[in-house]
Amino acid sequence: MESKSIVQATSSNFTVGIEFSALPEGCIAGILAWTSPRDVCRMSAVSPEFLSAAESDALWENFLPADYREIIGLSSESSSHLSISSKKEVFFRLCNSPLLIDGGKKSLWLDKKSGKKCYMLAARDLTITWSDTPMYWTWISLPHSRLFSLSRFLVFLFPIPFIFSLTHSFNSYENRFIEVANLNQVCWLEIKGKINTGMLSSRTNYVVFLVFQRDDRFYGLKNVPVESSVGMVGGETTKRVIYLDTPQVESSKDPDHDFGERFLHHENGISSMSGSPASLKKRIDGWYEVELGEFFSGEGEGKELEISVMEVKSGNWKSGLLIEGIEIRPKFCS
């Protein structure tokens, strides 16, 4: 028996069932606009009426940010995006192909599930203490996930085994920016980033992540707590303790001793001073990410969000850390 899609209208005295096939396509698209991109894709498989309405330009323009044309215009790839006639295709292009904006210092894309804006601040867009001193930090070019002809000039500076080790390590993961920050050696590790919340989607809970890698020279940060903070300038700040390497946690003799002040230890070895644990994860692009904190982007706000990662208390010299950037995306995004 053929299944029928029915919408019901109910009053205090009677209920009327209306087949979706009897509704105009524009009406169905208007109903779908109250859902989400993920829901629309799911419902398009339910009936031909949903499938037809799910291709509506008006529907997909509703899921695009109101300023999507201005956003695309900020990128050097604007012509290829704006030439697309289908709004659905524009939406998924913005989800699957992040735009480089602000001179390549920021990456912008949309979350497939919600259509909310996501950003990554490149390492070049961050304030990294001593990053302008080659003895402490160097900037390495890795376009298109491959080492950018480093061997041409490294061969004059370093032995061949070192170059092979470096290129082999870097080719194992992707990078969306031209450069990443490579930590040679520092005692004072401090990384800061800022973004105006007016650039983000309003009325949205966001989560902030540090995106990084470790190479064979990684030392000085094993089992060492690193402090992170996320908050509006002049406002409340969320502070956490994170680890950039899985720490070896020693059990306390008295598990109830100073519970409110101790780190909350978890099986994954990540600690947090807040109620929810920060988790170190391996991403599909080969980088690691660790959660730094959360914040809420209000309606029509244009506040300055400040993000900080710092380790200055141990006195350790640190090395072997690569910073791609700081990522800001909606909580529970796809």
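The values are calculated or read from the model by the stated rules, or taken from the named source; none is laboratory data. Note that the coordinates shown come from a computational prediction; the quantities given were computed from them, not determined experimentally. Positions of Cβ are generated from backbone atoms using ideal geometry, with glycine treated the same way; all protein chains shown enter the neighbour counts.
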*Give me a count of the residues in segment 292-334 that are more than 12 Å from the chain's Cα centre (by Cα) and over 13 Å from Gly231 (Cβ atoms).*
20
*Identify, please: which residue in segment 172-197 is assigned to a loop (DSSP other than H, G, I, E, B) and among the charged types (D, E, K, R) and is, among those, surrounded by the most Cβ atoms within 10 Å (Cβ to Cβ)?*
Arg176
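Regarding Ser47, is this residue in the same structural domain as Gly30 (by TED's automatic domain parsing) and polar (S, T, N, Q)?
Numbers: in the same structural domain as Gly30 (by TED's automatic domain parsing): yes; polar (S, T, N, Q): yes.
Spelling it out, Ser47 is indeed in the same structural domain as Gly30 (by TED's automatic domain parsing) and polar (S, T, N, Q).
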*asked:* So for segment 124-136 (the condition being among the small types (Gly, Ala, Ser), in contact (Cβ under 8 Å) with a residue 24 or more places away in the chain and surrounded by fewer than 18 Cβ atoms within 10 Å (Cβ to Cβ)), does at least one residue qualify?
replied: no
*For segment 48-131, please list each of the strands (runs of 3 or more DSSP E) lying entirely inside it that holds at least 1 residues being of a type in the set (S, T, N, Q).*
106-110
*Candidate set: segment 73-96, residues that are modelled with pLDDT under 90 and in contact with a strand residue (DSSP E or B) (Cβ under 8 Å, 6 or more places away or on another chain); chosen: the one surrounded by the fewest Cβ atoms within 10 Å (Cβ to Cβ)*: Ser76
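Could you check how many residues of segment 198-217 are of a type in the set (Ser, Thr, Tyr) and either under 21 Å from Val290 (Cα atoms) or part of a strand (DSSP E or B) (or both)?
Narrowing segment 198-217 to residues of a type in the set (Ser, Thr, Tyr): 201-202, 204, 206.
Keeping just the survivors that are either under 21 Å from Val290 (Cα atoms) or part of a strand (DSSP E or B) (or both) gives 204, 206.
Residues flagged as of a type in the set (Ser, Thr, Tyr) and either under 21 Å from Val290 (Cα atoms) or part of a strand (DSSP E or B) (or both) within segment 198-217 amount to 2.
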*asked:* So Gly293 passes all but one of these: (1) at pLDDT 90 or above; (2) at negative phi. Which condition number does it fail?
replied: (2)
